[in-house]
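The values are calculated or read from the model by the stated rules, or taken from the named source; none is laboratory data. Fair warning: this is a prediction, and the values are worked out from it, not measured in the lab. Here the Cβ positions follow ideal geometry from the backbone for every residue, glycine too, while neighbour counts run over all protein chains shown. These accessible areas exclude ligands, DNA and RNA; they are computed on the full protein's heavy atoms, side chains included. Shrake-Rupley method; radii C 1.70, N 1.55, O 1.52, S 1.80 Å.
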Amino acid sequence: MLLSSVAFAIMILLIVIQVNWFSSTVDYQKKETHQKLKQLAPLIAMEVNGIDHNLFHGQNILVVDLPREKITNKIDSILMLHGFYGKVYFAIYQHQSNGVFLSNAYKYRKELLSSDIKSCISDIVSFSVVKDGTNKREGESEEEYQSRIYGESSFQYFSPVKGLRQSNDNDLWISLYQEQKLSDIMITLMWQFCLSIALLIILFGLLIYLLRSLAKHKKMSQIKTDFFNNLSHEFKVPIGSIRLASKVLRQSNNPEKNHSYHKIIEEESELLEKQVDKLLRISMFESEFSQIKNQELDLHEIIEGIPEKLKILIERNAAKIEFNLGSNQSLIYGDKEMLTSAFVNIVENSLKYSQEGVCVYITTNDDGEQRTIRIKDDGPGIDPRYEEQIFDRFFRANQGNQYKGKGFGIGLSYVKSIVEGHKGNIELVNHYPNGCEFVIEL
C-alpha cells in the first residue's frame, strides 16, 4: 500500500513538472519571438525605405502613393528569411490624427499603433560610394538614373538616426505585431510534448505492471504457504488417527472395540488415499483435460450416484440430498469419470462447509439444446468478498479456522476446468448467508 502511494505521488509530481515545463517553454518562446521581431524592426524599416527613398522622405505622403504590394512582399521575404513562418502583421503610419495608415490587418489597428516593435522609416540616412565620373546619361529619367547609381555603387548603407523621443507627427513609422496564439506555439512544441506524455504513459503502465506483479507475487507466496499448511494438516490428522487406533488395538482384547477401531483405520486410510489422489490430480491438472473421453452417458444416472460416493460424509453430518431431475434429454456426450468428480466435488463442499442437517438440492432441466444442472444448499453460503476468487486454483476462503472443512483449494478450480473442457459453463449464484447455488450448463 505504501509503495503504491509513493508511486502515485511520483507520477503526480512528474505530471506537474511536465505541465510546468510546457508553460515555461511557451512563455520563453513568446518572449524570444517578441525580442527577435524587435531586433528585426530597424532592418525592415531600412529595406522598406530602400524601395523608394524620395517617397518616404517626402512631407506630404498619401496612402495611395505607397507601393502596398512591394512593401508587403519585401516584409514577408525578410520575415521568412529570418524564420518567421507564422502570420506577422505590419502597419506604416504617422502619429497625426489624419495621417497615413497602411496595414495588412486593419482589425489590429489598435495593437499596431501601441506596439513597441517599431522603427522610423522617414528619418533614415542613406549614402553610397559610387564611381567617379558617373553622370546622368542622355534621355535617362531621374528614377532610372537613381536606380543605376544604387546598382553601380560599391557600398550602400541605410541607418535609422532618430529615436522615439526625437520624432514628430509627420514622421513615418513601421510597426510589427504577431498575435500570440497558444495553438500556434503548441504546434512547434507538440511533438516534444506528445513524446513526453507518451513516455509518461509508458512509465505509468510499467509502474502499474510492476505493482500488479508484486501483488501477484505476494498473493502466490501466501497461497503457497497456505497450501503447504493445508497439506500438512490434511495428512497429519488421518495419520494421527490411524496411529492412535493401532495403539489402542495392540492393548485391547475387546472384539467390539477392536471392530470400531478397525473401522476408524479403514475410514482414515480411505481419506488419506483421497488426499493423495488430489495431489496426483494437481500434477496432471493441465494435461488431463486434453484427454477427455467423449462417450454417451446418462446425466441422471451420474447425479443419482452421488449419495453413494459421499455416504460416510452424509451420515457424519446427518445431511440430505434431494433430487428434482426434470430434464427430458438426460443422454449427453462427455467423460463420465470427470463429470462425476465435478458434481461430487460441489456436493462435498456443501457438506463440509455447512452445519449438521444441511440439505442439498439437485435439479435438472432443459434449455434448448443445453442441459442446466443446479446444485443448491441451505448452508451458510459464501462471503461476497470471495465470490470473484472462488474458482481460483488453491484459493480457500478464510473462515477464522483456516483448516476447518479440509481441502487444498483446488476443488472448484478443478470443477470449472472440467465443465469448460466439456464446452459448458458454470457460475455461482450466492444466497449468502442462506446458502449458495452452482448453475452448470452442458
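If you go through the stretch 122-137 and keep only what is under 18 Å from N49 (Cβ atoms) and either in a loop (DSSP other than H, G, I, E, B) or at pLDDT 75 or above (or both), you end up with S122, D123. Taking helices (runs of 4 or more DSSP H) as the structural unit, those lying wholly within the stretch 267-341 and holding at least 1 residues that are at pLDDT below 90 correspond to 306-309, 311-316.
Only a single criterion out of (1) at pLDDT below 75; (2) more than 30 Å from Q39 (Cβ to Cβ) is not satisfied by E140, namely (1).
Can G368 be described as modelled with pLDDT under 85, exposed (fewer than 15 other Cβ atoms within 10 Å of the Cβ) and under 24 Å from N294 (Cβ atoms)? Spell out how you get there, then give the answer.
Numbers: modelled with pLDDT under 85: yes; exposed (fewer than 15 other Cβ atoms within 10 Å of the Cβ): yes; under 24 Å from N294 (Cβ atoms): yes.
So G368 passes the test.
Against the list (1) under 21 Å from D367 (Cα atoms); (2) open to solvent by 100 Å² or more (accessible area, probe 1.4 Å), the condition D298 fails is (2). What's the number of the condition Y106 fails, among (1) at pLDDT 70 or above; (2) in contact with a Ser or Thr (Cβ under 9 Å, 6 or more places away or on another chain); (3) of a type in the set (F, W, Y)? Condition not satisfied by Y106: (2). A Cβ distance below 7 Å, combined with a sequence gap of six or more or placement on separate chains, defines the contacts here; from the stretch 218-231, residues that are closer than 20 Å to L272 by Cβ reach residues that are at pLDDT below 75 and open to solvent by 60 Å² or more (accessible area, probe 1.4 Å) in the pairs N230/Y403.
Check whether at least one residue in the stretch 10-23 is of a type in the set (S, T, Y) and more than 30 Å from G205 (Cβ to Cβ), and report yes or no. Spell out how you get there, then give the answer.
Kept after step one, since they are of a type in the set (S, T, Y), are these residues of the stretch 10-23: 23.
So of that shortlist, the ones also more than 30 Å from G205 (Cβ to Cβ) come out as none.
There is no residue in the stretch 10-23 that is of a type in the set (S, T, Y) and more than 30 Å from G205 (Cβ to Cβ).
Taken over the stretch 21-35, the criterion of being under 12 Å from I117 (Cα atoms) and surrounded by 14 or more Cβ atoms within 10 Å (Cβ to Cβ) is satisfied by T33, H34. Scanning the stretch 338-362 for residues that are open to solvent by 40 Å² or more (accessible area, probe 1.4 Å) and in contact with a strand residue (DSSP E or B) (Cβ under 6 Å, 6 or more places away or on another chain) gives a single hit, Y361. Tallying residues that are in contact (Cβ under 8 Å) with a residue 24 or more places away in the chain, open to solvent by 40 Å² or more (accessible area, probe 1.4 Å) and in contact with a helix residue (DSSP H, G or I) (Cβ under 9 Å, 6 or more places away or on another chain) within the stretch 305-337 yields 8. In the stretch 423-442, the residues that are farther than 19 Å from S413 by Cβ reach residues that are in a loop (DSSP other than H, G, I, E, B) and among the hydroxyl-bearing types (S, T, Y) with C-beta atoms within less than 9 angstrom, at least six apart or across chains, in these pairs: G435/S354.
Listed here are the residues, each with its yes/no results for (1) modelled with pLDDT under 85; (2) among the acidic types (D, E).
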residue: G379; (1), (2): no, no
residue: D383; (1), (2): yes, yes
residue: G409; (1), (2): yes, no
residue: L428; (1), (2): no, no
residue: E441; (1), (2): no, yes
